[in-house]
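Here's the structure we're looking at; comments come further down.
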Amino acid sequence: VLLVESGGGSVQDGGSLRLSCAASGRTLSRLVLAWFRQAPGLERDFVAAISWSGRSTYYADFMKGRSTIDRDDAGNSVYLQMNNLRPEDTAVYYCAAGYSLGKYIYWGQGTQVTVSS
């Protein structure tokens with residue numbers, strides 16, 4: 001499956017962005033979907049995940065209360081709404097998909113998010 005992220009960009013401290021990830025090649029239904037991020041020189045960090053049913057969501061502590069992950073299986077997409085962005089949120093954001101939480105086998109190429117103070 002091919003995952004393509006979009007929606008990244010440059011925002012000011014406190015701004016918002018909505019990232020999108022569109023899939024092609026197979027349906028995303030029945031897959032766990034997630035977002036990760038990687039800042040320069042650092043390891044890739046988990047940001048958020050959503051179960052295949054959409055009933056359960058999971059967030060990294062640094063994103064709790066500031067972000068919402070949701071999925072649109074009909075549109076074969078997953079989204080990440082991020083609010084109150086901070087300069088430390090600057091990173092390349094990746095979407096991922098897999099058959100279980102924590103085990104992702106499909107990855108996108110990433111979209112850059114830059115937050116300036």
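Using a Förster radius of 35 Å, what is the FRET efficiency between A60 and V1 based on their Cβ-Cβ separation? Nearest 0.05, please.
About 0.90, to the nearest 0.05.
At what distance in angstrom do the alpha carbon centres of the range 1-54 and the range 77-117 lie from each other?
Spelled out, the Cα-based centre of one part sits 4 Å from the other.
Could you work out what % of the accessible surface of the chain is carbon and sulfur, using a 1.4 angstrom probe and leaving DNA, RNA and ligands out of the count?
About 49 percent, which is the carbon plus sulfur part of the accessible surface.
Can you pull a Stokes-Einstein diffusion coefficient for the range 26-82 at 4 °C (1.567 mPa s), Rh from Kirkwood over Cα pairs, as a whole number of µm²/s?
109
Would you calculate the separation in nanometres between label points at I105 and E43, each defined as 7 Å from the Cα along the Cα-to-beta-carbon direction?
Each label point lies 7 Å from its Cα, and together they span 2.4 nm.
Among S6, S53, S24, whose Cα lies farthest out toward the positive end of the dipole of the chain, if unit charges sit on the beta carbon of Lys, Arg (+1) and Asp, Glu (-1)?
So the residue furthest toward the plus end is S53.
Suppose every Lys and Arg Cβ carries +1 and every Asp and Glu Cβ carries -1, with no other charges. What dipole size does the range 1-112 come out with about its Cα centre, to the nearest 20 debye?
It comes to approximately 300 debye.
The values are calculated or read from the model by the stated rules, or taken from the named source; none is laboratory data. Because the structure is predicted, anything quoted here is derived from the model rather than measured. Note that each Cβ is placed from the backbone with ideal geometry, even for glycine, and that neighbours are counted across all protein chains shown. With ligands, DNA and RNA removed, areas are computed over all heavy atoms of the protein, side chains included. Shrake-Rupley method; radii C 1.70, N 1.55, O 1.52, S 1.80 Å.
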